[in-house]
Amino acid sequence: MSNLEGAPVEASDVRGRVAELHAIREQVRRGPSDRATEAQKAKGKLTARERIDLLLDEGSFSEVEPLRRHRASGFGLEAKKPYTDGVITGWGTVHGRTVFVYAHDFRIFGGALGEAHATKIHKIMDMAISAGAPLVSLNDGAGARIQEGVSALAGYGGIFQRNTKASGVIPQISVMLGPCAGGAAYSPALTDFVFMVRETSQMFITGPDVVRAVTGEEITQNGLGGADVHAETSGVAHFAYDDEETCLEEVRYLLSLLPQNNRENPPRAASEDPADRTGDALLDLVPADGNRPYDMRKVIEELVDDGDHLEIHERWATNIICALARLDGQVVGIVANQPQSLAGVLDIEASEKAARFIQMCDAFNIPIITLLDVPGFLPGVDQEHGGIIRHGAKLLYAYCNATVPRISVILRKAYGGAYIVMDSQSIGADLTYAWPTNEIAVMGAEGAANVIFRKQIAEADDPEAMRARMVKEYKAELMHPYYAAERGLIDDVIDPVETRSVLIKSLAMLATKHADLPSRKHGNPPQ
């Protein structure tokens, strides 16, 4: 009951009007044309509605403004006024909990953002903030709609402003499913998590053509802003997957670990993994020799419920691990040094990665568990000139500012400023534990002996023997496992096999923790 342009046709009675409505709805559901759908499929991409169906619980989607059309004219726009204006908006449920969503429809104007398109997104973002529910954006848009000029650019401004307003209030997740340039890349950068799909999704401010024109560099879209680039090099993407189906299933999993908003706690899940289960394997996983590497992921798997955890930024700044997991059904955020990568040192990227993760956990009431095995900050001219002082301070600020329960466990090395920064008792950790293999000190014994006993070593008949004796003496005096405990700098030295049960009991005690920050508009964190 609609013409080829989608305009309503005269209907004489209620049944005719209802039939007309269903015809329009069917046209909206199908999209602009079969040819456009085939072109989308030929690129290996799903349609916007197929993506929404994969994200949300079956049959739960309620669409908002499906009949919206642009009002622009000029450059041929007045002859093309498709329903939805290239973006599908609405809400549904994931695991039974409300989630708001908008999805660019690349089949319509390449998913480009115009005034009506932007207004729909603004509305659904406002609804998500008001309802206190997560917002997921399924991004497959070509940036601003050039034919609408500055009106399209202003639409992006409204999105950015709402991203910022929602930050720390509701979880915001961006899923990149196509090429997104300029303003289309900035909104995801403001959100909590960014997912990408290899080969089909890209993010960049200026594309390969502009790069070639300005710098003469030849590069492909994936080489400039593909999933692997952003997951491994830039750190823009938190997750990268081979296909859309896996990507969207992982978005659902992430949502199951997050609260609806900052006024709620994350959902608790029943766990069949005993709270008092001992971790006998830990005795063999972590070598007593501080110079021997091991995989911290295996330690995490031994501690958390059923070994399940979701690692954030798995392939970027690999010398530190940030993960969401459960302990006795309660969601926790885990920050851990990774001795397998750069010996677990802190550097610029690791500091930024951990700081942002801690801020996210604190915003959404997720307790923080810190597992330390850190030899210090990475030395080097590049690090100093790159601002390791400034970036390391971000991590320090994030920990000091966090009011959620904070528990740290020192497995082996904890040297110098890195020990203090990694949630030591002195910066506000609620509870600090250590294994009997811990070495808490200003620096390693070898370095300390070389500084303190430089003169004695230099004057000795056998300098190497003297150095070895001084190292042994320093360790015995200042680096034995109980030195910090004797001075009240840690709360207890625990048997590694009891770590899981100790953490669970500690979390239960801290469940009612309440901490107030000083009255202020906001802090001024290091940049």
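The values are calculated or read from the model by the stated rules, or taken from the named source; none is laboratory data. This is a predicted model, so every value here is computed, not measured. Glycine gets a Cβ as well: all are built from the backbone with ideal geometry, and neighbour counts include every protein chain shown. Calculation scope for accessible area: heavy atoms of the full protein, side chains included, ligands and nucleic acids excluded. Shrake-Rupley method; radii C 1.70, N 1.55, O 1.52, S 1.80 Å.
General observations
- In summary, Tyr483 fulfils each of the numbered conditions (1) modelled with pLDDT of 90 or more; (2) closer than 27 Å to Gly392 by Cβ; (3) over 29 Å from the mean Cα position of the chain (by Cα) with the single exception of condition (1).
- Flag if Ala458 is at pLDDT 90 or above and open to solvent by 60 Å² or more (accessible area, probe 1.4 Å): no
- All helices (runs of 4 or more DSSP H) inside region 405-505 with 1 or more residues being under 29 Å from Ala515 (Cα atoms): 416-421, 483-486
- Counted residues, region 19-40 - those being open to solvent by 40 Å² or more (accessible area, probe 1.4 Å), in a helix (DSSP H, G or I) and under 17 Å from Gly86 (Cα atoms): 9
- Subset of region 94-109 [crowded, with 24+ Cβ neighbours inside 10 Å and on the phi > 0 side of the Ramachandran plot]: Phe109
- Counting only residues that are among the hydrophobic types (A, V, I, L, M, F, W, C) and under 20 Å from Thr47 (Cβ atoms), region 117-164 holds 5 of them.
- Looking only at region 104-115, and only at residues there that are farther than 15 Å from Arg69 by Cβ and part of a helix (DSSP H, G or I), the one that is nearest to the chain's Cα centre (by Cα): Gly111
- Selected residue [crowded, with 19+ Cβ neighbours inside 10 Å, touching a residue at least 24 places away in the same chain (Cβ under 8 Å) and of a type outside the set (S, T, N, Q)] from Ile334, Ile427: Ile334
- Qualifying positions in region 183-198 - in a helix (DSSP H, G or I) and either farther than 14 Å from Val136 by Cα or touching a Phe, Trp or Tyr at 6+ places or on another chain (Cβ under 7 Å) (or both): Gly183, Ala184, Ala185, Tyr186, Ser187
- Being outside any strand (DSSP E or B), crowded, with 19+ Cβ neighbours inside 10 Å and modelled with pLDDT under 95 is a property that does not hold for Gly158.
- Picking from residues in region 25-66 that are among the hydroxyl-bearing types (Ser, Thr, Tyr) and modelled with pLDDT under 95, the one that is nearest to Val101 (Cα to Cα) is Thr47.
Each row is one residue, and each column tells you yes or no for (1) open to solvent by less than 40 Å² (accessible area, probe 1.4 Å); (2) in a loop (DSSP other than H, G, I, E, B).
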position: Asp228; (1), (2): no, no
position: Arg252; (1), (2): yes, no
position: Arg263; (1), (2): no, yes
position: Ala270; (1), (2): no, yes
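- Check on Gly90, without any contact (Cβ under 8 Å) to a residue 12 or more places away in the chain and either open to solvent by 60 Å² or more (accessible area, probe 1.4 Å) or outside any helix (DSSP H, G or I) (or both): no
- Selected residue (criterion: most open to solvent (accessible area, probe 1.4 Å)) from residues of region 116-145 that are part of a helix (DSSP H, G or I) and touching a residue at least 60 places away in the same chain (Cβ under 8 Å): Met127
- Any hit, region 201-209, residues being among the aromatic types (Phe, Trp, Tyr) and at pLDDT below 95: yes
- Which numbered condition Asp491 misses (of (1) touching a residue at least 12 places away in the same chain (Cβ under 8 Å); (2) more than 36 Å from the chain's Cα centre (by Cα); (3) open to solvent by 50 Å² or more (accessible area, probe 1.4 Å)): (2)
- When the criteria are applied in full, Ala323 fails the requirement of being in a helix (DSSP H, G or I), at pLDDT 95 or above and open to solvent by less than 10 Å² (accessible area, probe 1.4 Å).
- Within region 373-389, residues that are over 15 Å from Pro526 (Cβ atoms) have Cβ atoms under 7 Å from residues that are open to solvent by 70 Å² or more (accessible area, probe 1.4 Å) and at pLDDT 95 or above in these pairs: Leu378/Leu342, counting only partners at least 6 apart in sequence or on another chain.
- Only one of Ile440, Ile504 that is out of contact with any helix residue (DSSP H, G or I) (no Cβ under 7 Å at 6 or more places or on another chain) and buried (at least 18 other Cβ atoms within 10 Å of the Cβ): Ile504
- Filtered by the rule that a residue be over 20 Å from Met479 (Cβ atoms), assigned to a loop (DSSP other than H, G, I, E, B) and open to solvent by 70 Å² or more (accessible area, probe 1.4 Å), region 279-292 gives a lone residue, Asp280.
- Within region 470-486, the set of residues being closer than 22 Å to Leu371 by Cβ and either of a type in the set (A, V, I, L, M, F, W, C) or open to solvent by 60 Å² or more (accessible area, probe 1.4 Å) (or both) comprises Met479, Tyr482, Ala484, Ala485.
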